[in-house]
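Trainee: My questions all concern the structure below.
The values are calculated or read from the model by the stated rules, or taken from the named source; none is laboratory data. Note that this is a predicted model, so its numbers are computed, not measured. For neighbour counting, all protein chains shown are included, and Cβ atoms are generated from backbone atoms with ideal geometry for every residue, glycine included. The area values use the complete protein model at the heavy-atom level, side chains included, leaving out ligands, DNA and RNA. Shrake-Rupley method; radii C 1.70, N 1.55, O 1.52, S 1.80 Å.
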Amino acid sequence: MRSAKVTDYYTLKGNVGGETYKPTFTFHGFRYIEVTVVSPNTTIHVKSLIGKVIMSALQQTGNITTSHPSVNQLFSNILWGHRGNYLWVPTDCPQRDERVGWSGDTQLFANTALYNMDAAIFLENWIDMLKDSQNIYGNGTFHSASPGGRFSDFFGVVGNSGWADAGIIVPWTVWQMTGDTTIIEENYDAMAKFIDWIYKQTGDTYRGPGSIGDWLNFQGTATQLMSDAYYAYDAKLMMQMALAIGRQTEAQRYKNLFESIKQEFIKNYIKVNESGKLTLKSSNGSAFDLTNFYNSAPVEDNSQCALLWSLKLGLYKNEDQKQQMINLLVENIKNDKKYKTSHPDSNRVNYAENTLSVGFLGVNVIAPILSEVGHSEVAYSLLLQDQMPSWLYSVKNGATTVWERWNSYSLEDGFGDVGMNSFNHYAYGAIAEWMYKYMAGISPDVERPGFKHIHLQPNIDPEKRLTSVSGEYKSVYGIIKSEWNIKGNTLHYHVSIPANTTATVWLPTSDVNKIKINGEPIEDYSKINDIDFKNGKAMIQIESGHYQLESIY
């Protein structure tokens, strides 16, 4: 709570019929409430206590239910953290003396937020505030928080990468989820101004402007690497948005900028020895350390966050380097005895197998990238881990919202330093983006944003720790449903596709010819437009409607 006072004083009027008290002009973020009677030798009888949720009026648009109770509790925690922090601005926490619209938290949670709730206008409104801050506080950059100047440049880091980039990432995310380019057109000049500001700072070095890095990580990544990666991400998103509104010349300029940043990144961070072994030099720089407040974990080569962003953006020379990065990432996450023996100086030796070590800037990337590179089984192992650091560690310890830190509480050390130890922060709840897109399998088409064309790509847990998932999302075209369950080696998959849309279903199968749709063999079903087979999945093009599919996988 820090200096936030959460005690309400009420003097009884003496009404024998009972009295009702409701706080006004304030709200409190709390889980437990204590009533203290201050008059000596006096007792009262509390007839009822009602907690009223305070949030902006946003309709819930998404939901996920699984066969795993702890995963269901995690999803509930994510929703409650979302509710508690979307009040006029997307705050970091609703209880302590901060309640600030942190741009880093906002950008990494934005995709989850847009699945959970009809939050597009809410985020557009906040982007207007971010633009106001750009104009008021300085020189073209976006800032670490908005509205207000209290944390505009967090601890003096101007243009703080991972935070300031929200001015580009959030409009891109809203566009992807709604298909509406208005947010691009209204904010294009401000976004271009920010990119130009970065170039003025670093010029033809093609380096980012600086960053506090992967905040609250358990394995350090050089802050400059994170800044460079986000600069590349900005250029890539600007290229896509410029094309979307017909600015081909500028799109080509951003494409060229991305390529220049990529080549500089490869030169600075990728080292290959004589035998061809790759090392991602994520130790090439410093961690963010702030005496008496927060010290990042020591920087290490081949850190989880660095590998994730390199894979996400294609920051490598060739497919061999990509595969080596994938192998390094999987080995790091699995963190088995062999890995620990060969990495005795790594911070990973202090933690269990199948744990994550990312902080804020890796949390929304880790599971999606694992699924993208064909390792959903590792993503499931991370999701279902309940040792620290993991998502279910907080659930195991009774959490009803998402914690600020992986170790906000631990059995070994108790409660963390109250100077920065919130138990209601939504940032780490960004895992729900993967839960919607890959676990349930409801994803927009990047080439045709807004769910006009839908990718239904359920990633099944190969170890059957989850045997059923039901996901639902109310898109701008209507409700999309994706529900699967496993019985033996048969996948039963029910989908609902809204009118005026089409979908590609990515169905795991060992034999395309044994797939059934609505009880008929797939080759006899008339509504199928096209079928392909790749990497153990059938790719089926279908139109709007309701479908029951069966597949032996």
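Trainee: Pick from A499, A503: which is part of a strand (DSSP E or B), of a type in the set (A, V, I, L, M) and surrounded by 11 or more Cβ atoms within 10 Å (Cβ to Cβ)?
Mentor: It is A503.
Trainee: Determine whether the stretch 338-348 contains at least one residue that is of a type in the set (V, I, T) and open to solvent by less than 80 Å² (accessible area, probe 1.4 Å).
Mentor: For the stretch 338-348, residues of a type in the set (V, I, T) and open to solvent by less than 80 Å² (accessible area, probe 1.4 Å): absent.
Trainee: Still on this structure: Looking at the stretch 152-206 only, could you name the residues that are open to solvent by less than 20 Å² (accessible area, probe 1.4 Å), β-branched (V, I, T) and within 24 Å of the chain's Cα centre (by Cα)?
Mentor: I168, I169, V170, T173, V174, I183, I184, I195
Trainee: Need pairs with beta-carbon distance below 7 Å; first residue under 15 Å from V158 (Cβ atoms) and within the stretch 182-199, second open to solvent by 10 Å² or more (accessible area, probe 1.4 Å); sequence gap 6+ or separate chains.
Mentor: W197/N139; I198/P209
Trainee: I would also like to ask the following. Which of the strands (runs of 3 or more DSSP E) found entirely inside the stretch 377-477 contain at least 2 residues meeting this: surrounded by fewer than 21 Cβ atoms within 10 Å (Cβ to Cβ) and modelled with pLDDT of 95 or more?
Mentor: 453-456, 468-475
Trainee: A further question follows. Of the residues that make up the stretch 265-275, is at least one touching a strand residue (DSSP E or B) at 6+ places or on another chain (Cβ under 6 Å) and in a loop (DSSP other than H, G, I, E, B)?
Mentor: no
Trainee: Follow-up. Among the residues of the stretch 513-549, write down those that are within 31 Å of the chain's Cα centre (by Cα), buried (at least 18 other Cβ atoms within 10 Å of the Cβ) and farther than 22 Å from Y477 by Cβ.
Mentor: Correct list: K537, A538.
Trainee: I'd like to check something: does the stretch 333-348 contain any residue that is over 28 Å from K255 (Cβ atoms) and of a type in the set (G, A, S)?
Mentor: Looking for residues that are over 28 Å from K255 (Cβ atoms) and of a type in the set (G, A, S), one finds at least one in the stretch 333-348, hence yes.
Trainee: Mind listing whichever residues of the stretch 506-529 are part of a loop (DSSP other than H, G, I, E, B) and not basic (K, R)?
Mentor: Residues satisfying the conditions are T509, S510, D511, I515, N518, G519, Y525, S526, I528, N529.
Trainee: State whether one or more residues within the stretch 135-149 are within 23 Å of N364 (Cα to Cα) and part of a helix (DSSP H, G or I).
Mentor: Checking the stretch 135-149: not a single residue is within 23 Å of N364 (Cα to Cα) and part of a helix (DSSP H, G or I).
Trainee: Condition check: under 17 Å from Y436 (Cα atoms) and either out of contact with any Ser or Thr (no Cβ under 8 Å at 6 or more places or on another chain) or in contact (Cβ under 8 Å) with a residue 24 or more places away in the chain (or both). Does K516 satisfy that?
Mentor: So K516 does not fit the description; no.
Trainee: On the basis of being hydrophobic (A, V, I, L, M, F, W, C), in contact with a Lys or Arg (Cβ under 9 Å, 6 or more places away or on another chain), assigned to a loop (DSSP other than H, G, I, E, B) and open to solvent by less than 20 Å² (accessible area, probe 1.4 Å), does L315 make the cut?
Mentor: The answer is yes for L315.
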